[in-house]
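Everything on this sheet refers to the single structure shown next.
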Amino acid sequence: MKTREIAEAAAFAALYTVLTWVLAPISYQAFQFRLAEALKSIVVRRKHLIWAFVVGNALSNIFSPFVGVWEFIWMPFINVLGAGCAWFFGHRIPTLKGMMLGGAIYAAWVAFGVSFMLYVLFSVPWLLTFIYLLVPEVILIVGFSPAMSRVNERLK
C-alpha cells in the first residue's frame, strides 16, 4: 500500500473507533445502532480501507460488554468477509448503485455475524435477531452510500 492509502486506512479506523466509543450507549447494545457503520460503503471504491474497518472494529470493541474472543476475532473476521465481498461485488458497478449493492452485502454480513454471536452466547432466536439487526445496518451502510460516494470523490 502507498503511504496515502495507509494514512487513509488509519484515519478511517480511528474515526470508526471514536464514533463507536463516543456513542457507546447505542453502539454496544445487543441490538446495536452503530452510527460508525455509515462509513463502511466506501470500501466499494477504496479497497485498501477494508483493513480500516477490521482494525476499527477490533479497537472499538475494547469497551464492548461482550469483550473477548467473539469481539476480537469473530467480528473482525466478519468485517474482512463483509468488506471483501462488498468490494468484490460492488466495485464492478461504477455508479452509486454499486456502492449501494456492496453496502447491502456488507450489512448482511455484519447482521449475520452479530446475530450468530448473540445466538451462541445468549440463545436468542437467530433469524429474528438477524432481521432486527439487518434493518439498522442497511439504513446506515446503504443509506449513507451517497455521502460516502461524495467522500470518495473528495479523496481522489
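In table form, for the structure just shown:
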| quantity | calculated |
| --- | --- |
| Prolate/oblate/rounded call for the stretch 81-156, Cα gyration tensor, a/c under 1.5 rounded | prolate |
| Vicinal HN-Hα couplings computed from phi for the stretch 45-51 (Karplus, 6.51 cos²θ - 1.76 cosθ + 1.60; Hz; Gly/Pro x) | 9, 9, 3, 5, 7, 3, 5 |
| Helix 3-22 axis, angle to the chain major axis (alpha carbon atoms, nearest 10°) | 30 |
| Heavy atoms of Lys2 accessible to a 1.4 Å probe, total area in Å² rounded to 10 | 140 |
| Helical mean residue ellipticity (222 nm; -39500 (n - 2.57) per DSSP H run of 4+; nearest 500) of the chain | -21000 deg cm²/dmol |
| With Cα atoms, 0 to 90° folded angle of helix 145-155 axis to the chain main axis | 40 |
| Karplus-derived HN-Hα couplings along the stretch 102-112 (A = 6.51, B = -1.76, C = 1.60, θ = phi - 60°), whole Hz, x at Gly and Pro | x, x, 5, 5, 4, 4, 5, 5, 5, 4, 4 |
| Of all accessible heavy-atom area on the stretch 10-156, the percent that carbon and sulfur account for (1.4 Å) | 77 |
| Accessible area expressed per residue, the chain, with surrounding protein chains retained (probe 1.4 Å, Å²) | 50 |
| Length added when fully stretched, Trp21-Ile93, from 0.36 nm per residue minus Cα-Cα | 22.6 nm |
| Charge dipole (the stretch 42-156, unit charges on Cβ, about Cα centre) - positive-most of Asn57, Pro146, Phe112 | Pro146 |
| Folded to 0 to 90 degrees: helix 126-137 orientation relative to the chain principal axis, Cα | 40 |
| Label-point separation in nm, Phe77 to Leu121, each point 7 Å along Cα→Cβ | 1.5 |
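The values are calculated or read from the model by the stated rules, or taken from the named source; none is laboratory data. The structure presented is a predicted model; accordingly, all values stated were derived computationally and were not measured. Glycine gets a Cβ as well: all are built from the backbone with ideal geometry, and neighbour counts include every protein chain shown. Areas reflect the complete protein model, heavy atoms only, side chains present, ligands, DNA and RNA absent. Shrake-Rupley method; radii C 1.70, N 1.55, O 1.52, S 1.80 Å.
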